[in-house]
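We did not get these values from a lab; they are worked out from the coordinates using the rules stated. None of these values were measured; they are calculated from a predicted model. Backbone-built Cβ (ideal geometry, glycine too); neighbour counts: all protein chains shown.
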Amino acid sequence: MAFQNLREFISLLEKENELKRVKAKVSPILEITEITDRISKEGGPALLFENVEGSDMPVLINAFGSYKRMSMALGVKNLDEASANLMSLLPSGFPATLKQKISALLKLKSIAFAKPKEVKNAPCQEVVETENIDLLKMPVLKCWPQDAGRFITLPMVITKDPDSGLPNMGMYRLQVFDKETTGMHWHLHHTGAEHYRKNKERGQKTEIAVAIGGDPATVYSATAPAPPGFDELFFAGILRGKSVEIVKAKTVDLMIPAQAEIIIEGYVNPDEVRTEGPFGDHTGYYSLADEYPVFHVTAITRRKDAIYPTTIVGKPPMEDCYMAKATERLFLPAVKAVLPEVKDMNLPFEGVFHNCALISIKKEFPKHAQKVMSGIWGLGQMSFSKAIVIVDESVDVQNASDVAWKVFNNVDPARDIIITEGPLDVLDHSSNTPYYGSKIGIDATIKWKEEGHTRQWPDDIAMDEEVKKLVSQKWSDYEL
């Protein structure tokens, strides 16, 4: 099902008893966070706060905060179905490398439906404000006590490559400094930051449009690790099975999602930075203050009755965990395209998706696990993985207890643990240096004689299948 906009998604959430309206008056300063954190940790519903202090806009939060709601957002029964749908677009005999696959995919007539569709009139431009701009007319949250201020946490930040003209849409938090300026939290490795650096070399501004709200597949696509040059709005069209409507922004030369709730337009100067943060982040820790570009707002356009969607992040599990799980399932085929021996992958909540990867493989030669580790550390955003655990294909990596059992019993530390160095996620606070540090690879596969294990390797304890079948048939007889 392709949702036209956020409102259609809200209607379905309500119909499926996945949304609770909150009519009590609440503050965007800490109170909404505490309410939502309790609901999120309990596996509760999406929340629509209808009476928020200081703003006429209702606040939607936790809309993606379960496997069911994340699947609903992508119009599927489960996340593996979304992955299968994506892969079904690739005909058999397709090129082997990921880069070739993507290049060929973009040329297929079968996905022409997904190309963004330009329209002349857009709901996101029902109200246009270019004077007396005030960002705090929106119910922007202060999430945690040590946060430096109020942060826009679910923005779709749109920029354009000054060389190719290709657009990019990423999700980078915005600290509201005053009525007309925010921080622009571009991490070093992100495409938006690359566009900024290119413009900085030219001594020119970087134009930006920030979309808030929209159909859920488009919102999710802003978080997806799409390869450079792959338009996230095109990707959203593929996921939803229907093109995303776009319209020209009012004060910047960018195309924006026409069905968004709110659009913030503006620019960053090439040499202007300001201290941004701290901010209670998805790691469960505060990311520390640092210098980031300043975003100057030139216009705010919106629907007349705009809804303000937002999210909070913190110690998992929280809403962002389920968005990241969607990425895990959707991009597993991309990992397999490069490393076909990979059978499954689990990026556990506790590893906040860049600190731990549990991977099962079909082991075919000595030290195969080390080959896979090296491959993962050279693969896009998977390169940030601080800990990689490799197990045999018979192990269910979605069962972390099973993986732990294999690690604690199968691993000889001197033989099976690799320590190396490489890039780390910007939010990693454990390394002595920012942006890079040490990594660990753990080979928990069964060891072969060719790998130096000359002793006999014991079998796992397992009951005979015939006995298990017999006991199952007689279970009621035991009166247990």
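Charges at C-beta only: +1 for Lys and Arg, -1 for Asp and Glu. How large is the resulting dipole of the chain about its Cα centre, in Debye rounded to 20?
Dipole of the chain, to the nearest 20 debye: 1020 debye.
How much of the DSSP bridge set in the stretch 341-480 is antiparallel, in percent, rounded to the nearest 5?
Given both bridge residues lie in the stretch 341-480, the antiparallel proportion sits at roughly 50 percent.
Lys and Arg at +1, Asp and Glu at -1: add these up for the other residues within a Cβ distance under 14 Å of residue 232 and post the number.
With Lys, Arg at +1 and Asp, Glu at -1, the net is 0.
Could you calculate, for the chain, the ratio of the Cα radius of gyration to the Kirkwood radius, expressed as Rg to Rh?
1.00
If each of residue 198 and residue 460 carries a label point 7 Å out from its Cα toward its Cβ, how far apart are those two points in nm?
4.8
Taking the Cα centroid of the stretch 198-241 and of the stretch 126-151, what is the distance between the two, rounded to the nearest whole Å?
Answer, in whole Å: 21.
Quick one: which of 197-205, 42-50 comes out on top by average Cβ neighbours within 10 Å, and what's the full order, highest first?
Result, highest mean Cβ count within 10 Å first: 42-50, 197-205.
Could you tell me the distance between the Cα centroids of the stretch 157-176 and the stretch 431-458, to the nearest Å?
First find each Cα centre; the distance between them is then 39 Å.
Which of the residue pairs 336/439; 137/325; 117/250; 41/362 have a Cα-Cα distance greater than 26 Å in the structure shown?
137/325; 41/362
Among 408-420, 358-370, how do they line up from the highest to the lowest mean number of other beta-carbon atoms within 10 Å?
Ranking, from highest mean packing down: 358-370, 408-420.
Is the stretch 139-274 best put as rounded, prolate or oblate by its Cα gyration tensor, with a ≥ b ≥ c the root eigenvalues, rounded for a/c under 1.5, and otherwise prolate when a/b is larger than b/c, oblate when not?
Because a/c hits 1.5 or more and a/b fails to exceed b/c, the stretch 139-274 counts as oblate.
Distance from the Cα centre of the stretch 1-66 to that of the stretch 302-365, in angstrom?
Answer, in whole Å: 23.
Hey, can you rank 60-69, 254-263, 10-19 by average C-beta count inside 10 Å, highest first?
254-263, 60-69, 10-19
How far is helix 400-410 tilted, in degrees, relative to the longest principal axis of the Cα atoms in the chain, given as a value from 0 to 90 rounded to the nearest 10?
Long axis of 400-410 versus the principal axis of the chain: about 40 degrees.
In the chain, with Lys and Arg counted as +1 and Asp and Glu as -1 at Cβ, which of these residues, 374, 28, 259, has the Cα nearest the positive end of the dipole, that is, farthest along it?
Farthest along the dipole direction, towards plus: 259.
Place a point 7 Å from Cα of residue 134 in the direction of its Cβ. Which residues in the stretch 44-82 have their backbone N less than 12 Å from it?
Those under the cut-off are 54-56.
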